[in-house]
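S.K.: Structure below; questions to follow.
The values are calculated or read from the model by the stated rules, or taken from the named source; none is laboratory data. Fair warning: this is a prediction, and the values are worked out from it, not measured in the lab. Here the Cβ positions follow ideal geometry from the backbone for every residue, glycine too, while neighbour counts run over all protein chains shown. SASA here: full protein model, heavy atoms, side chains in, ligands and nucleic acids out. Shrake-Rupley method; radii C 1.70, N 1.55, O 1.52, S 1.80 Å.
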Amino acid sequence: MRRLRPCPKIMMKLAHLYPASMNIYGDRGNVIALRQRCRWRGIDLEVTPIEPGDAVDWASFDLAFFGGGQDSGQALIARDLLERQGPGLRAAIDDGLVLLAICGGYQLLGHYFLTHSGERLPGLGALDVHTVGGSRRLIGNSVVEADLATNINAPATVRLVGFENHSGRTYHGPGVRSLGRILVGHGDNGEDGWGGAIYRNTIGCYLHGSLLPKNPQLTDYLIRLAMRRRYGPDTDIAPLDAALELRAQETMTSRLLRI
Ligand code: GLN
């Protein structure tokens, strides 16, 4: 009799940074989208919320998500991020942890955020960016033409659609490359046309939305990166039907670009 070997369970682990203080404009939807698109492929994505005071083994995580927040929420967690999580999280980022950070989370991965009221929040320094708050908020729908070109099996250029609302202006240093150019909206600082920054497998940007449910190419890009890091460079993920999501994305980008 031929024995069927039990199918090994494919699993990955995601750390959700400070969901109690850093969850604005539905950013939690990014975690839901990652988990659901993993589930549809038979990948079990275990989500661990990380709150101030938690002891975290960063080497055990495949993915992380860090959402946006108000200046006051950022002030609540900045010290824990820097002092408790700092060394482990920075080492994991250098080691290729797949991390998506939106707005307030993005700002705190940089060197510092000087808020518009003059408070200086030190950041993790994992991304070579810094942020200075302005008196006028940068608000509205946005489209970023993102370069997702690597050896990753995804279209090189994707028009990501999202929504931004921030006082902070983020400036890039030479240690990051840009996620893409802003076609609609203000982007990182309203001046130089950049929309988001990348260092290794960490992406920071200002796109709320939630971002990932609206942009399945980016969701799959992150899942694929994480699967390859854990299971080897030849690993690929099954394609999924995303016709509805892509039609919604296309409708929105066309409307915003007035094509
Ligand atoms: N508090 C930050 C700012 O206003 C981040 C805002 C956000 O995450 N939406 O720039």
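S.K.: Looking at this structure, is I24 surrounded by fewer than 17 Cβ atoms within 10 Å (Cβ to Cβ), among the β-branched types (V, I, T) and more than 16 Å from Q85 (Cα to Cα)? Steps first, answer last, please.
M.R.: Working: surrounded by fewer than 17 Cβ atoms within 10 Å (Cβ to Cβ): no; among the β-branched types (V, I, T): yes; more than 16 Å from Q85 (Cα to Cα): yes.
So I24 fails the test.
S.K.: Output the number of the condition that G104 fails; it satisfies all remaining conditions of (1) more than 10 Å from the ligand (Cβ to nearest atom); (2) out of contact with any strand residue (DSSP E or B) (no Cβ under 7 Å at 6 or more places or on another chain); (3) closer than 20 Å to I203 by Cβ.
M.R.: Among (1) more than 10 Å from the ligand (Cβ to nearest atom); (2) out of contact with any strand residue (DSSP E or B) (no Cβ under 7 Å at 6 or more places or on another chain); (3) closer than 20 Å to I203 by Cβ, the lone unmet condition for G104 is (1).
S.K.: Check every one of the helices (runs of 4 or more DSSP H) wholly within the stretch 69-113 and list those with 3 or more residues that are open to solvent by less than 10 Å² (accessible area, probe 1.4 Å) and closer than 12 Å to G125 by Cα.
M.R.: 86-94, 104-109
S.K.: Against the conditions (1) among the hydrophobic types (A, V, I, L, M, F, W, C); (2) closer than 28 Å to L244 by Cβ; (3) in contact with a Gly (Cβ under 8 Å, 6 or more places away or on another chain), where does W194 fall short? Just the number, please.
M.R.: (2)
S.K.: List every residue pair whose Cβ atoms sit under 6 Å apart, with the two residues 6 or more apart in sequence or on different chains, where the first one lies in the stretch 103-118 and is over 17 Å from G86 (Cβ atoms) and the second, anywhere, is near the ligand (Cβ under 7 Å from one of its atoms) and modelled with pLDDT under 95.
M.R.: Nothing qualifies.
S.K.: Still on this model: Any idea how many residues of the stretch 36-53 are touching a Leu at 6+ places or on another chain (Cβ under 6 Å), in contact (Cβ under 8 Å) with a residue 60 or more places away in the chain and surrounded by 14 or more Cβ atoms within 10 Å (Cβ to Cβ)? Show your work before the answer.
M.R.: To start, the set of residues in the stretch 36-53 that are touching a Leu at 6+ places or on another chain (Cβ under 6 Å) comprises 38, 40, 45, 47, 50.
If we keep only those that are in contact (Cβ under 8 Å) with a residue 60 or more places away in the chain as well, we get 38, 40.
Restricting the remaining residues to those that are surrounded by 14 or more Cβ atoms within 10 Å (Cβ to Cβ) gives 38.
Qualifying residue count, the stretch 36-53: 1.
S.K.: For the stretch 190-221, give me each residue that is part of a helix (DSSP H, G or I), open to solvent by 30 Å² or more (accessible area, probe 1.4 Å) and modelled with pLDDT under 95. Quick ask: steps written out before the conclusion?
M.R.: Of the residues in the stretch 190-221, the ones part of a helix (DSSP H, G or I) are 211-214, 216-221.
Imposing the further condition that a residue be open to solvent by 30 Å² or more (accessible area, probe 1.4 Å) reduces the set to 213-214, 217.
Within the stretch 190-221, Q217 is the sole residue that qualifies.
S.K.: For the stretch 222-252, give me the residue count where each residue is among the β-branched types (V, I, T), part of a helix (DSSP H, G or I) and open to solvent by 10 Å² or more (accessible area, probe 1.4 Å).
M.R.: Initially, the stretch 222-252 is screened for residues among the β-branched types (V, I, T), giving 223, 235, 237, 251.
So of that shortlist, the ones also part of a helix (DSSP H, G or I) come out as 223, 251.
The next check asks that each one be open to solvent by 10 Å² or more (accessible area, probe 1.4 Å); those that pass are 251.
Summing the residues that are among the β-branched types (V, I, T), part of a helix (DSSP H, G or I) and open to solvent by 10 Å² or more (accessible area, probe 1.4 Å) in the stretch 222-252 gives 1.
S.K.: Can you go through S117, S135, S167 and tell me which one is outside any loop (DSSP other than H, G, I, E, B), within 12 Å of the ligand (Cβ to nearest atom) and open to solvent by 10 Å² or more (accessible area, probe 1.4 Å)?
M.R.: Numbers: S117 fails: outside any loop (DSSP other than H, G, I, E, B); S167 fails: open to solvent by 10 Å² or more (accessible area, probe 1.4 Å).
Matching residue, one of S117, S135, S167: S135.
S.K.: Let me ask something else about it. Using beta carbons and a limit of 6 Å, which pairs, at least six apart or on different chains, have the first residue in the stretch 54-72 and away from the ligand (no atom under 16 Å from the Cβ) and the second one open to solvent by 30 Å² or more (accessible area, probe 1.4 Å) and charged (D, E, K, R)?
M.R.: Sorted first by the residue in the stretch 54-72, then by its partner, the pairs are F61/K13; D62/K13; D62/R230.
S.K.: Same structure again: Is there any pair with a first residue in the stretch 12-24 that is at pLDDT 95 or above and a second that is within 15 Å of the ligand (Cβ to nearest atom) and of a type in the set (F, W, Y) whose Cβ atoms are under 6 Å apart and which are 6 or more apart or on different chains, and what are they?
M.R.: These pairs meet every condition: H16/F65; L17/F66.
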